[in-house]
Amino acid sequence: FIPRTINYTISWDYKKVSLSWNSNYNAESIRGAANIAQPSRDRYMRAREIVNASARYHFRPNLTFSVGVYNVFNAPQVYYRGNRDQMATFLMQGTTMTFGLEGRF
């Protein structure tokens, strides 16, 4: 159960250009089953926001170039046990860029 999540997308299209910005926020939450006998062993993930951006340019009706940047701010996944000072896992997935060329014949 994640108590609060927020997702939004902002996009803009004008003639040959398309831009998009989206965000996903997840509040701090418990992961897996709660350990009633030993609550200090419960695993939590800290709040995290992932931001993605993309752009497309239509050269011609049948040729499009695109670029995308995922996890723009390099938000890590941080897990802890019991209290916030007992870090269990720190994952850095990094920022990913993709480029694409689409042709229709």
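Points worth noting:
- In plain terms, if you count all Cα to Cα distances in the chain and split them into 5 Å steps from zero, the share in each step is 3, 11, 16, 15, 14, 10, 9, 7, 6, 4, 3, 1, 0 percent.
- Take every pair of alpha-carbon atoms less than 8 Å apart whose residues are at least six positions apart; their mean separation over the length of the chain yields a relative contact order of 22 percent.
- Accessible area (Å², per residue) of the chain, counting only protein heavy atoms and a probe of 1.4 Å: 72
- Here the chain is assigned +1 on the Cβ of each Lys and Arg and -1 on the Cβ of each Asp and Glu. Its dipole about the Cα centre then comes out at about 120 debye.
- For segment 1-102, applying the loop criterion from DSSP together with a ceiling of 15 other beta carbons within 10 Å to the GluC sites (Glu not before Pro) yields Glu28.
- Surface share of carbon and sulfur [accessible, 1.4 angstrom probe, percent] for segment 1-98: 55
- Of Val72, Val51, Val17, the one that fluctuates the most in a GNM where the chain has Cα springs shorter than 10 Å: Val17
The values are calculated or read from the model by the stated rules, or taken from the named source; none is laboratory data. Since we're looking at a predicted model, the values are computed, not measured. Glycine gets a Cβ as well: all are built from the backbone with ideal geometry, and neighbour counts include every protein chain shown. Accessible surface is based on the protein model in full, side chains and every heavy atom, while ligands, DNA and RNA are left aside. Shrake-Rupley method; radii C 1.70, N 1.55, O 1.52, S 1.80 Å.
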